[in-house]
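The numbers here are math on the coordinates, done by the rules we state, and not lab data. Quick caveat: nothing in here was measured; it's all calculated off a predicted structure. Neighbour counts run over all protein chains shown; Cβ positions are idealised from the backbone, glycine included.
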Amino acid sequence: MARDCLSASDSFGDCGPDLFATNLRHSPPFVEVGKIVAPDTVVCLVEVMATYNEVTAGVHGVIDEVAVANGDVVEFNQILFRLKRPPDPFGSW
């Protein structure tokens, strides 16, 4: 299986953005290990200077690892999630 990584974008600048795995304090996380995601699936929010930015999966796959915890400060190019992308003979992944 191919494995991809979702990482923090360079658009966050140098201000140490915070990652949010859920949109409310007591809500379940956007994604967990084993969840199937599509390119437009929101996997987390990243807060930069009081602006919340949705991070989407960008590809079809299955969440294999959550590399950060809710509320962690994330860095430029830091891996946030790892995805498994099973082989697809029809090219729809």
Proxy exposure order for Val62, Val33 (fewest C-beta within 10 Å first) is Val33, Val62
Sorted by Cβ density within 10 Å, fewest first, the residues Val66, Val31, Val42: Val42, Val66, Val31
Label Asp72 and Ala38 with points 7 Å out from Cα along Cα→Cβ: what is the distance between them in nm? 2.8 nm
